[in-house]
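Okay, structure first, notes after.
The values are calculated or read from the model by the stated rules, or taken from the named source; none is laboratory data. These numbers come from a predicted model, not from an experiment. Quick reminder, even Gly has a Cβ in these numbers, built from the backbone with ideal geometry, and neighbours come from all protein chains shown.
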2 protein chains.
Amino acid sequence: MKSEKISDAVVRRLPVYLRYLNELSRREVPTVSSQELGQKLDLNPAQIRKDLAYFGDFGRKGIGYDVSYLIEKIRQILNLDQQINVALVGAGNLGQALSNYNAYLRDNMKIVAIFDTSAEKIGTQINSITVQPIEELVETVRQNHVRIGIITVPNIEAQRVADQLVEAGIGAILNFAPTILKVPSDVRVHAADFTTDLMSLAYYLNAGKEVTVDES
Amino acid sequence: MKSEKISDAVVRRLPVYLRYLNELSRREVPTVSSQELGQKLDLNPAQIRKDLAYFGDFGRKGIGYDVSYLIEKIRQILNLDQQINVALVGAGNLGQALSNYNAYLRDNMKIVAIFDTSAEKIGTQINSITVQPIEELVETVRQNHVRIGIITVPNIEAQRVADQLVEAGIGAILNFAPTILKVPSDVRVHAADFTTDLMSLAYYLNAGKEVTVDES
DNA sequence: TAGATTGTTAATCGATTAACAATC
DNA sequence: TAGATTGTTAATCGATTAACAATC
């Protein structure tokens, strides 16, 4: 175990490991090797061992990793051994879809507040949470110890919402708007805009694929 | 302009450039420098110049890049000078939210087919597209020249859907399910699962707690 | 013990950044 | 011309992979 700074690439792989480990746990598989993990997750086994070794000696030589123990450790590393309160800003189509995903409850993340500007939406219930006006964001976020904000508002509003989340003391933002947010360096932002993703995918379609006739 | 193979990191930045260039175009700004782009997009100017230079000499020394011309060029590179047909598989909350995003229409991407397994959903209209049973996927995708598939089905079904999309000759997949899909190497897959993103964000919340110590 | 597999160091590979001649 | 900015090479930085002693 080293006290190096961990790269974001490493951090982003931890949830991927966790997810497959949970599946193994459900199937009551007791241990797993880096080789098996690598095969299943399309990663190099050495990379997996190195990733995990940044945080401790979790494996056993000749045996592999104890599934339950590794799950526990990764959850600790990701701060998912405690409940993480999340606020959702923007109760449009996408925001509503995300709030209905209770999948992350299992991972100890919980949406505890939803905000919107539209008079029609304010006061309605989404997943048993009352939509609040955005003016209440700073106070509510502070009071409820919200740590992560999800932004699903239109592009033009995104930066303003981010500013308010920062003011309220948020630690991280998941941004679905296609805007580069300007935030202090101690606030982490991940871009989650799927249209950017789609556009980059289009690049890979030029493999001479203008073929309409398929002989197979 | 070199005939090197372009890395995915470069390709993923192109839509980011394109988006800001579109904004400049709307504001009728005629030219932009790599420095200005870099500042706005939090990127190194040299990196931007290098990215663009992979594809051609688009800039003018002493002047910068002509906004309209660069937009046209990036759209060509990304194959967005032609309409890209997209199929959406999974008409749940998230799928419906994505289908309503008409934003990508502007980028020449169009959802032309939607599939689901649920009897309640089949036959209903989403954004004036009739939801079809998943059994019709292969044929419809082939007939409509669909190039990209978006997967928004539950985890357990994701691989099966991917297999069908591949069978139908799709070129790329945007996968919202938290599963590592196994596809032939000529099919590009981008993971778009936001819960993975959220979990990795949680890692960065330990700011209140222990401070990372370097030098040991 | 023999086979398996980790943790870790060293080697490799790839991506980012700095620097600058060319030139608008 | 003087200032600005590109395209590109070289330098740097960082991430991935290979290799292997340690050891279960």
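Filtering the stretch B:1-45 down to residues that are in a loop (DSSP other than H, G, I, E, B) and touching a residue at least 40 places away in the same chain (Cβ under 8 Å), which residue is surrounded by the most Cβ atoms within 10 Å (Cβ to Cβ)?
Of the stretch B:1-45, the ones in a loop (DSSP other than H, G, I, E, B) are B:1-7, B:27-30, B:33, B:42-44.
So of that shortlist, the ones also touching a residue at least 40 places away in the same chain (Cβ under 8 Å) come out as B:1-2, B:4, B:6.
Values: B:Met1: 10, B:Lys2: 8, B:Glu4: 8, B:Ile6: 14.
So the residue we want is B:Ile6.
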* **A:Val86 within 16 Å of DNA strand C (Cβ to nearest atom) and within 22 Å of B:Pro178 (Cα to Cα)** => no
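Would you please name the residue that is nearest to B:Leu137 (Cα to Cα), looking only at residues in the stretch B:152-195 that are assigned to a loop (DSSP other than H, G, I, E, B) and among the acidic types (Asp, Glu)? Write out each step before concluding.
Of the stretch B:152-195, the ones assigned to a loop (DSSP other than H, G, I, E, B) are B:152-154, B:168-171, B:176-187, B:192-193.
Within this subset, residues satisfying the condition of being among the acidic types (Asp, Glu) are B:186, B:193.
Values: B:Asp186: 20, B:Asp193: 22 Å.
So, considering only residues that are assigned to a loop (DSSP other than H, G, I, E, B) and among the acidic types (Asp, Glu), the one nearest to B:Leu137 (Cα to Cα) is B:Asp186.
Which residues, counting only those in the stretch B:34-66, are small (Gly, Ala, Ser), near DNA strand D (Cβ under 8 Å from one of its atoms) and under 17 Å from B:Pro15 (Cα atoms)?
Of the residues in the stretch B:34-66, the ones small (Gly, Ala, Ser) are B:34, B:38, B:46, B:53, B:56, B:59, B:62, B:64.
Still in the list and also near DNA strand D (Cβ under 8 Å from one of its atoms): B:34, B:46, B:53, B:56, B:59, B:62, B:64.
Within the stretch B:34-66, B:Ser34, B:Ala53, B:Gly56 qualify.
Here is a check on your reading of the model: is A:Leu37 under 15 Å from B:Met199 (Cβ atoms) and either of a type outside the set (Val, Ile, Thr) or modelled with pLDDT under 95 (or both)? Please lay out each step first, then the result.
Values: under 15 Å from B:Met199 (Cβ atoms): no; either of a type outside the set (Val, Ile, Thr) or modelled with pLDDT under 95 (or both): yes.
No: the conditions fail for A:Leu37.
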* Asked: Residues of the stretch A:95-123 being free of Cβ contacts under 8 Å to residues at least 12 places away in the same chain and either among the hydrophobic types (A, V, I, L, M, F, W, C) or more than 14 Å from chain B (Cβ to nearest Cβ) (or both), which ones?
  -> A:Ala97, A:Ala103, A:Leu105, A:Ala119, A:Glu120, A:Ile122, A:Gly123
* Asked: Hey, does the stretch A:46-66 have a residue that's among the β-branched types (Val, Ile, Thr), away from chain B (no Cβ under 13 Å), surrounded by fewer than 16 Cβ atoms within 10 Å (Cβ to Cβ) and near DNA strand C (Cβ under 8 Å from one of its atoms)?
  -> yes
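When you scan the stretch B:67-83, do you find a residue that is touching a residue at least 24 places away in the same chain (Cβ under 8 Å), assigned to a helix (DSSP H, G or I), near DNA strand D (Cβ under 7 Å from one of its atoms) and assigned by TED's automatic domain parsing to the domain that holds B:Arg13, even just one?
no
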* Asked: Is there a residue being assigned by TED's automatic domain parsing to the domain that holds A:Pro154 and surrounded by fewer than 16 Cβ atoms within 10 Å (Cβ to Cβ) anywhere in the stretch A:92-102?
  -> yes
* Go through (1) at the interface with chain B (Cβ under 9 Å from one of its Cβ atoms); (2) more than 12 Å from DNA strand C (Cβ to nearest atom) and name the single condition A:Glu4 misses. => (2)
